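Read the structure below first, then the notes.
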2 protein chains.
Amino acid sequence: MGGDFAPRNVVQGALDCVRDPRCDFEILLVGQEDAIRAHLPAAVPANIHIRHTDEVVDMKDSVATALKTKKNSSMYRALEWHRDGEVQGFISAGNTGAMMALSTLILGRLPGVERPSIGTFLPSQKGPVLLIDAGANVDSKPSHLAQFGMMGSIYTELMMKRPSPKVGLLNVGEEESKGNDASIAAWPLLKAAPIHFIGNIEGRDILKGTADVVVCDGFTGNIILKFAESFPGLLKSKFYDYAAQGFVKKLWVGLIAGTIKKMIKDWDYQEYGGVPLLGVNGVSIIGHGSSTPRAITNMIFAAKHMVDRRVNETIREAMTSQQSTN
Amino acid sequence: MGGDFAPRNVVQGALDCVRDPRCDFEILLVGQEDAIRAHLPAAVPANIHIRHTDEVVDMKDSVATALKTKKNSSMYRALEWHRDGEVQGFISAGNTGAMMALSTLILGRLPGVERPSIGTFLPSQKGPVLLIDAGANVDSKPSHLAQFGMMGSIYTELMMKRPSPKVGLLNVGEEESKGNDASIAAWPLLKAAPIHFIGNIEGRDILKGTADVVVCDGFTGNIILKFAESFPGLLKSKFYDYAAQGFVKKLWVGLIAGTIKKMIKDWDYQEYGGVPLLGVNGVSIIGHGSSTPRAITNMIFAAKHMVDRRVNETIREAMTSQQSTN
């Protein structure tokens, strides 16, 4: 029921998913049954199931409202069914704050994880790089940053099939001594972690692809992510300004419009679908409120991959052996 | 003597400056006289003067080295002459860390300013917006953020001739209650300051031009600035990748190469020249190490404008009346 185009886009994404030959799993649609059925064919595919819930977490609901007064919402109930083992993963295009809070509360954290965090891929000259934390937290302690590095490394290795990914700490200088208090204290923790830590990287290194995993606090990560998402808008506006300068220029821009669109498509979150909340004891994929059916389909497959590739089990093992080392 | 192409580019920039009909001032070149004269014509223009200094702050020198062991460097001596009133402004393409430390130490801070900060313009859909602090500090207290807002507002108003500029606090959400500890505490201070504070803005608002002045701590600002500077590199690399896909695509990209270059030129720091260290009791403009003669010329004019438009006097008055209000 979550998202700006719910349940239509969510249901359509699920339908597209089960029609994909790669789909070897079943989908449980949770929400108001009538609203869901309105977007399904009369003959519902055999691997789509529906379970009715009354309430809906609104996009504008506060976390407190979602937590305390909407225990029969689709989000709350679906997460409980995930916790209870009825489903192996959960995706939603709904209220992000509520998703993070309810996922953490209901699923719990993996042992040793202090703060669940959001990992999101950004484009770079060498392919996608994972930015973690992209906004699940605001103030991050050094130990949180070190855990973001470990979880991000495992997620990138297993999901992108990139062995021993390079992990960089986003900072204002390359030297170990540079940075704010949190990043200076995080450096030795990341150095000691069982990851391929390449040290500090700077803002300019993100899009160069210097690191496969970019570790930062959620405040910086959220700002970087939203800043990056706004690049295409500026680019388009520059092209329009240019086209407005005359007929010939308009013609050029018209001719290359498709090219430009294709080239900035990398920035499109829908290519990746959603972002995982890493560190919770379950698979929780958060989608953009305006997720298209295609984004939903990708999110469902991402959840399936997280299960198949044992992301959480690997994080659990790494955190446990890290704790026994300390 | 500072910068990757010193003194050649610096001297050339000064020559270009005095040849500009707008130049109604004199330039003092400070450094090793022989090296400077090698790039000047035999008949030195009447409004260019040279003063010899022996030492040079190297690009790799630590701040401590520059401070303690290079008191006869061009940077150290020029700042002393600025402090003593022999010159009204100072520019350098040299070691940024040393520039900030020596400027603060030798010139001192304006009354009421706790932390000098760097303001830099970024492109937006509505023209340049000032990002402050862009990296002079790492950990910023709420009172520092409020002062960045005041100094940035005055600088933008006077230098860009934009009356009552809109000041936004860079944050992870629009609501007053959102953010990390520092930004939550800075909100009421900015609200109470004698500026046009529009509240929190998000990463996506920077390039939209929602605010004329974007206030953030120097850690976030430095990362955002360097991230933005790397954007043209990714764009070029995407175009090359596209062109490599075949002759027709290569042709398209070739045809639009000029257009693209023109459109990403906005990102070029050389258009703006250098960045001011705001809050010191003087005019100190910091240039990129690789500054071209054109960037140097722009930096000299920027210093002149800062003097003419009474930026420091205005900051001093605002800080003083703010203090007496508190």
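All of the numbers you see were taken from the coordinates with simple rules; none came from a lab. Note that the structure is a prediction, hence the values are computed from the model and not measured. Quick reminder, even Gly has a Cβ in these numbers, built from the backbone with ideal geometry, and neighbours come from all protein chains shown.
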> If the convex hull of the alpha-carbon atoms of the range B:1-160 is projected onto planes in all directions, what is the mean projected area in square nanometres?
Replying inline: 11.2 nm²
> Measuring from label point to label point, each 7 Å out along Cα→Cβ, what is the A:Phe5 to A:Glu114 span in nm?
Replying inline: 4.1 nm
> How high is the FRET efficiency between A:Asn47 and B:Lys191 when r is their beta carbon distance and R₀ equals 56 Å, given to the nearest 0.05?
Replying inline: 0.55
>> If I model the protein assembly as shown as equal point scatterers sitting on the Cα atoms and use the Debye formula, what is log10 I(q)/I(0) at q = 0.08, 0.10 Å⁻¹?
In response: -0.66, -0.98
>> Suppose R0 equals 35 Å. What FRET efficiency, 1/(1 + (r/R0)^6) with r the Cβ-Cβ distance, do B:Gln88 and B:Ser324 give to the nearest 0.05?
In response: 0.80
> Ranking B:Val113, A:Val280 by Cβ neighbours within 10 Å, fewest first, what do you get?
Replying inline: B:Val113, A:Val280
> How long, wide and thick is the range B:27-112, going by the Cα atoms along their three principal axes, in whole angstroms, largest first?
Replying inline: 44, 29, 18
>> Just to be sure I understand: of the beta bridges DSSP finds with both ends in the protein assembly as shown, what percent are antiparallel, rounded to 5?
In response: 30 percent
> Along Cα→Cβ at 7 Å, what distances in nm separate the B:Met59 label point from those on the other copies, shortest first?
Replying inline: 4.8
> How high is the relative contact order of the range B:117-229, given as a whole-number percent (alpha carbon pairs under 8 Å, six or more residues apart)?
Replying inline: 40 percent
>> Beyond a 27 Å Cα-Cα separation, which of these cross-linked pairs lie in this structure: B:Lys126/B:Lys191; B:Lys226/B:Lys261; A:Lys166/B:Lys208; A:Lys226/A:Lys250; A:Lys126/B:Lys141?
In response: A:Lys166/B:Lys208; A:Lys226/A:Lys250; A:Lys126/B:Lys141
>> At R0 = 25 Å, how high is the FRET efficiency between B:Asp16 and B:Asn72 if r is their beta carbon distance? Nearest 0.05 is fine.
In response: 0.30
>> For a quick check of your reading of the filter: which trypsin sites (Lys or Arg not before Pro) in the range B:16-70 sit in a DSSP loop and have no more than 15 other Cβ atoms within 10 Å?
In response: B:Arg22, B:Lys60
> Per residue Cα convex hull volume for the range A:120-229, in cubic angstrom?
Replying inline: 83 Å³
>> I need the shape label for chain B. Rule: rounded when a/c is under 1.5, else prolate if a/b > b/c, else oblate, with a, b, c from the alpha carbon gyration tensor.
In response: oblate
>> Placing the label point 7 Å from Cα along the Cα-to-Cβ direction, what are the distances from B:Asp20 to the equivalent spots in the other copies, shortest first, in nm to one decimal?
In response: 5.6
> For A:Ala43, which inter-copy label distances result when the label point lies 7 Å beyond Cα on the Cα-to-Cβ vector, reported in nm to one decimal and in ascending order?
Replying inline: 9.6
> In the range B:129-225, which GluC sites (Glu not before Pro) fall in coil by DSSP and have 16 or fewer other Cβ atoms within 10 Å?
Replying inline: B:Glu174, B:Glu175, B:Glu176
> Under a point spin-label approximation (7 Å from Cα along Cα-to-Cβ), what is the B:Phe247-B:Glu317 distance to one decimal in nm?
Replying inline: 6.8 nm
> In whole percent, what relative contact order does chain A give with Cα contacts below 8 Å and a gap of six or more residues?
Replying inline: 23 percent
> In which sequence would A:Lys141, B:Lys126, B:Lys226 go, from the one with the fewest C-beta neighbours within 10 Å to the one with the most?
Replying inline: B:Lys126, A:Lys141, B:Lys226
> Where does each of A:Trp81, B:Trp252 land when they are ranked from fewest to most other beta-carbon atoms within 10 angstrom?
Replying inline: A:Trp81, B:Trp252
>> Quick check: Cα centre of the range B:3-32 to Cα centre of the range B:191-249, how many Å?
In response: 31 Å
